[in-house]
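S.K.: Before I ask anything, let me first share the structure, which is written out below as structure tokens.
The values are calculated or read from the model by the stated rules, or taken from the named source; none is laboratory data. Here the structure is a predicted model, which is why all the values come from computation and not from measurement. Note that we place each Cβ from the backbone using ideal geometry, even for glycine, and neighbour counts take in every protein chain shown. These area figures cover heavy atoms from the full protein model, side chains too; ligands, DNA and RNA do not enter into them. Shrake-Rupley method; radii C 1.70, N 1.55, O 1.52, S 1.80 Å.
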Amino acid sequence: MAATMETLKTGAAEAARKPRGGFRRTFLNYYAGPITAFLIVIALWELVPLWLGMKPFILPKPTDVLKAAAEDWRILWEAVRITVVESVIGFLLSAVIGIAVSVLLASSLVLERSIYPYAIILQTIPVVAVAPLVVIWFGAGYNSIVVIAFLIGFFPVISNTLMGLNSVDRSMDELFTLYNSSKWQKMWKLRLPSAMPYMMAGLKISCTLSIVGVIVGEYVAGIGGGKGGLGYAITIAAVQMKTPFLFACGIAAAILGIAFYLVVNMIANRVLGSWHESAMKTRR
């Protein structure tokens, strides 16, 4: 029996020392497919306008987009910088207020039944319909854009967080009750930790929507006489028929959204990585 156990331990140690494929296997499993698809799409995008004889103002080639981005780099960079600032502020407002409201609603069934339906109604109203009121209340420009970004990103946070707060394991809840825990002790030590995966899911959705909110906000609320972000740059490029630069702004917005999502996802993995299965899988 002892010899068998020693053999098993030796085999496990040798298996642990064996390489698992290293960079090559990781590249083939995770990166080869997306890179190949990207190259195919770029090649087709470059060739199709040439084959069909399309003018750049109708469908610019990737080389046209890169050229436009290089020529107007300062305008594009300034637009990206402004959009980042407005998006981050709108997202932070959505996160802080959304989580606070969720905790408040989860602490009282009466409050949840009274207020949550209005949050749903607010989400169903198109932002374009609400935006003129926001402009009247907060003025054209920066403040209105941030408020619109907040409104778009608010509901995913409150919806997911509230779902998590109401999805606590019943046996754990009964255990806290058995030890005479107060309502707020349950909230801080049981319900909030249990809701963390739901909360992070809501934040991932909200961070990308905040960029959409900023761009939509600049369409409606203007820029208040100052410099505008990507929404303003897209509007000007469309009016001036600068289609390649319009594409450059749209791609910059997409890259910005991906980057914002990756940052929030990294934070979520740090928070959940040591104990929740959803984040532990990404580390395997």
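S.K.: Pick out which of Ser210, Ser87, Ser159 has the largest mean-square fluctuation in a Gaussian network model of the chain, springs linking Cα atoms closer than 10 Å.
M.R.: So, out of Ser210, Ser87, Ser159, the one fluctuating most is Ser159.
S.K.: In region 62-283, carbon and sulfur make up what percent of the accessible area (probe 1.4 Å)?
M.R.: Result for region 62-283: 69 percent of the exposed heavy-atom area is carbon or sulfur.
S.K.: Also: Which residues in region 173-215 place their backbone N less than 11 Å from a point set 7 Å from the Cα of Ile267 along the Cα-to-Cβ direction?
M.R.: 200, 203-204, 207
S.K.: Trp45: accessible area at probe 1.4 Å, nearest 10 Å²?
M.R.: The accessible area of Trp45 comes to roughly 50 Å².
S.K.: GNM on the chain, C-alpha springs below 10 Å: top fluctuator among Val127, Val48, Val220?
M.R.: It is Val48.
S.K.: Moving on to the next point. Where in the chain are the DSSP H helices whose C-alpha atoms run 24 Å or more along the long axis and whose mean Kyte hydropathy is at least -0.5?
M.R.: Helices meeting the criterion: 32-52, 73-106, 142-165, 192-221, 243-272.
S.K.: Give, in nm to one decimal, the length gained when the segment between Val96 and Trp73 is fully stretched (0.36 nm per residue of separation minus the Cα-Cα distance).
M.R.: That pair, Val96 and Trp73, stretches by 4.8 nm at full extension.
S.K.: Hey, what does the equivalent ellipsoid look like for the chain, semi-axes from the Cα gyration tensor as sqrt of 5 times each eigenvalue, largest first, whole Å?
M.R.: Semi-axes from the Cα gyration tensor: 42, 35, 13 Å.
S.K.: Place a +1 charge on the Cβ of each Lys and Arg in the chain and a -1 charge on the Cβ of each Asp and Glu, then give the dipole magnitude about the Cα centre in debye, rounded to the nearest 20.
M.R.: Value, rounded to 20: 780 debye.
S.K.: Also: Rounded to the nearest 500 deg cm²/dmol, what is the calculated helix-only ellipticity per residue at 222 nm for the chain, with -39500 (n - 2.57) per DSSP H run of length n ≥ 4? The partial results should precede the final answer.
M.R.: Working: 14 runs with 225 residues, N = 284.
Helix contribution divided over all residues of the chain: -26500 deg cm²/dmol.
S.K.: Something else: Kindly sort Leu52, Leu175 by accessible area of their heavy atoms, largest first, with the probe set to 1.4 Å. The partial results should precede the final answer.
M.R.: Details: Leu52 115, Leu175 70 Å².
The ordering from most to least exposed comes out as Leu52, Leu175.
S.K.: A further question follows. If we count every other residue with Cβ under 15 angstrom of Val48's Cβ, Lys/Arg +1 and Asp/Glu -1, where does the sum land?
M.R.: After counting each charged neighbour, the total is 0.
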